[in-house]
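Taking it in order: structure first as structure tokens, then the write-up.
The values are calculated or read from the model by the stated rules, or taken from the named source; none is laboratory data. Since we're looking at a predicted model, the values are computed, not measured. Note that we place each Cβ from the backbone using ideal geometry, even for glycine, and neighbour counts take in every protein chain shown. Ligands, DNA and RNA are excluded from the accessible area calculation, which covers all protein heavy atoms including side chains. Shrake-Rupley method; radii C 1.70, N 1.55, O 1.52, S 1.80 Å.
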Amino acid sequence: MYKNGLKPFLDFVAALVGLLLLSPIFISITVFLYFSNQGKPFFFQQRPGKNGKIFKIIKFKTMNDKKDATGNLLPDADRLTKVGSFVRKTSLDEIPQLLNVLLGDMSLIGPRPLLTHYLHLYNDFQNRRHEVKPGITGWAQVNGRNAISWDKKFEYDVWYVDHLSFWLDIKILLKTVMKVVKSEGINAADAATIEPFDGQ
């Protein structure tokens, strides 16, 4: 009842209210990132959703597109702008994903949508994370986020799939607020992004 009925409804209402309340912040960040990233405040990328269905995620763009002499993008840490670093540290880069929730591609709570080229690397257990819609935040995010191993991340994701409930979502939502306030688990070992998943 909750998973297929009430949860999607609550997602839509919460995302709509959230966008309205956060619109001043949304607009301000968009303007700052527009100038910081040469007119590109948003980042779009294809991600797998429920049952592996591909959708286009939208986030604030926290890294510029600077390249080296050979035309290759510089390392993530070198492309992370000052504005982008603040936006990422405060998790404000996730705000545009409320639009993905409104479109029905994502939920407020669920396993984070990972990269599409990871799909063929998952074993049967890891692939179970796609039995529900991906979320803006989730059980893995409030239990370490990018500071935990891939194995642990998948373990938390599948645990959420098996224990999904209204009260668990409320618990994750409250813990997310605390994590954001404390800026816990943002990155692993001071890296700009977590190490890529290689299937091992």
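Can you pull out every residue in segment 130-159 that is closer than 20 Å to Phe12 by Cβ and of a type outside the set (Lys, Arg)?
Val132, Pro134, Gly135, Ile136, Thr137, Gly138
List, please: which pairs have Cβ atoms under 6 Å, are six or more places apart or on different chains, and start with a residue in segment 91-113 that is small (Gly, Ala, Ser) and end with one that is open to solvent by less than 30 Å² (accessible area, probe 1.4 Å) and part of a helix (DSSP H, G or I)?
Ser107/Asp11
Taking Lys7, is it more than 17 Å from the chain's Cα centre (by Cα), open to solvent by less than 80 Å² (accessible area, probe 1.4 Å) and charged (D, E, K, R)?
yes
Could you figure out which of (1) charged (D, E, K, R); (2) under 15 Å from Asn51 (Cβ atoms); (3) touching a residue at least 40 places away in the same chain (Cβ under 8 Å) isn't true of Arg128?
It is condition (3) that Arg128 fails.
Give the residues of segment 33-53 that are assigned to a helix (DSSP H, G or I), buried (at least 17 other Cβ atoms within 10 Å of the Cβ) and not polar (S, T, N, Q), sorted by residue number.
If the condition is that a residue be assigned to a helix (DSSP H, G or I), buried (at least 17 other Cβ atoms within 10 Å of the Cβ) and not polar (S, T, N, Q), then Leu33, Lys50 are the ones that fit.
List, please: which pairs have Cβ atoms under 9 Å, are six or more places apart or on different chains, and start with a residue in segment 34-52 that is touching a residue at least 12 places away in the same chain (Cβ under 8 Å) and end with one that is part of a helix (DSSP H, G or I) and open to solvent by 100 Å² or more (accessible area, probe 1.4 Å)?
So the pair list comes out as Ser36/Lys82; Lys40/Tyr34; Pro41/Phe32; Pro41/Tyr34; Pro41/Phe35.
Which residue pairs have Cβ atoms closer than 6 Å, lie 6 or more positions apart in sequence or on different chains, and pair a first residue in segment 70-84 that is of a type in the set (Lys, Arg) with a second residue that is open to solvent by 70 Å² or more (accessible area, probe 1.4 Å)?
Matching pairs, first to second residue: Arg79/Lys66.
Those residues that are buried (at least 19 other Cβ atoms within 10 Å of the Cβ) and either modelled with pLDDT under 85 or outside any loop (DSSP other than H, G, I, E, B) (or both), I need them from segment 95-105; list them, please.
Listed by number, the residues that qualify are Gln97, Leu98, Asn100, Val101.
If you go through segment 138-167 one residue at a time, how many are in contact (Cβ under 8 Å) with a residue 12 or more places away in the chain, open to solvent by 10 Å² or more (accessible area, probe 1.4 Å), of a type outside the set (D, E, K, R) and within 22 Å of Val177 (Cα to Cα)?
Of the residues in segment 138-167, 13 are in contact (Cβ under 8 Å) with a residue 12 or more places away in the chain, open to solvent by 10 Å² or more (accessible area, probe 1.4 Å), of a type outside the set (D, E, K, R) and within 22 Å of Val177 (Cα to Cα).
Which of the residues that make up segment 126-145 are in a helix (DSSP H, G or I) and either of a type in the set (A, V, I, L, M) or more than 11 Å from the chain's Cα centre (by Cα) (or both)?
Of everything in segment 126-145, those that are in a helix (DSSP H, G or I) and either of a type in the set (A, V, I, L, M) or more than 11 Å from the chain's Cα centre (by Cα) (or both) turn out to be Gln126, Asn127, Arg128, Arg129, His130, Glu131, Val142, Asn143.
Is it true that some residue in segment 110-123 is part of a loop (DSSP other than H, G, I, E, B), open to solvent by 70 Å² or more (accessible area, probe 1.4 Å) and under 20 Å from Ala14 (Cα atoms)?
No, segment 110-123 contains no residue that is part of a loop (DSSP other than H, G, I, E, B), open to solvent by 70 Å² or more (accessible area, probe 1.4 Å) and under 20 Å from Ala14 (Cα atoms).
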